[in-house]
Amino acid sequence: MMKQIPIATCVLALTLPLALTGCYRARIEGLQTALAETEQERDILQAQMDSLVRARDQLGEQVDELSKSRDQLGEHVNELGGSRDQLREQVDKLSKSRDQLQEKVAELADSREKLQQRVDELTVSSETLQKQNNELIRSRDAATAKAQAAQLRIDELSKKLQGEAEKVQELQDQLNQIRAAIEELQSELKL
């Protein structure tokens, strides 16, 4: 019985570290899994932060460009102010020119009647040409339809010709076989 106690003690001493090792392994694996998940979340957050930094930089560049555009527009507004004064002077000149043009318009009204007569003549001529054009289009369409029908007939005849050519080839092959058989028979008969 005394020998059994030290043996039991030794067995207990050996099994206890093995059992504890199993518990620690499970705990270490759990911690490693948690660490991997945390690192994955960190990588995602880092990618999002990088994306936000790029977006911020792009917005900064856009703000700079817009500021430049605003300054250029301010300069352009000043230039347009000067142009406005010049345009007023030109408007006055154009008013005088308008009066002169009205006189010319009266002269042109007389010419317009003559031109209207010419337009009427050209309209009649245009209608005649349109009728001729319509007739030519109908003739062209009819010719196209005939050409298509002829092409279909040609395609059919080509198919027939090809079929006949194949038949001729088959007959030629049979004829060659028959000739070969006759020659073979003749050579046997000579023997």
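Read the figures in this text as sums done on the coordinates, not as results from a lab. What you see is a predicted model, and the numbers here were worked out from it, not measured in a lab. Note that each Cβ is placed from the backbone with ideal geometry, even for glycine, and that neighbours are counted across all protein chains shown.
Fully extending the segment from A181 to K68, taken as 0.36 nm per residue of separation minus the present Cα-Cα distance, adds 30.7 nm.
Counting charges near S126 (Lys, Arg +1; Asp, Glu -1) among other residues having Cβ under 13 Å from its Cβ returns a value of -1.
Within straight-line reach of K93, meaning a Cα separation under 24 Å, sit the following lysines at least 8 residues removed in sequence or on another chain: K104. Just checking my list (1) 85; (2) 51; (3) 47 against percent of Cα pairs over 24 Å apart computed from this structure; which label fits? After the calculation, the listed value that fits is (1). Find out how many positive minus negative residues lie around A106, taking Lys and Arg as positive, Asp and Glu as negative, among other residues whose Cβ is under 12 Å from that of A106. Surrounding charge for A106 is -2.
Could you give the length gained by full extension between V124 and L189, i.e. 0.36 nm per residue of separation minus their alpha carbon distance, to one decimal place?
Details: separation 65, 0.36 × 65 = 23.40 nm, distance 9.52 nm.
Between V124 and L189, full extension yields 13.9 nm more.
Remark: the S158-R84 segment gains 18.8 nm on full extension, using 0.36 nm per residue and subtracting the alpha carbon distance.
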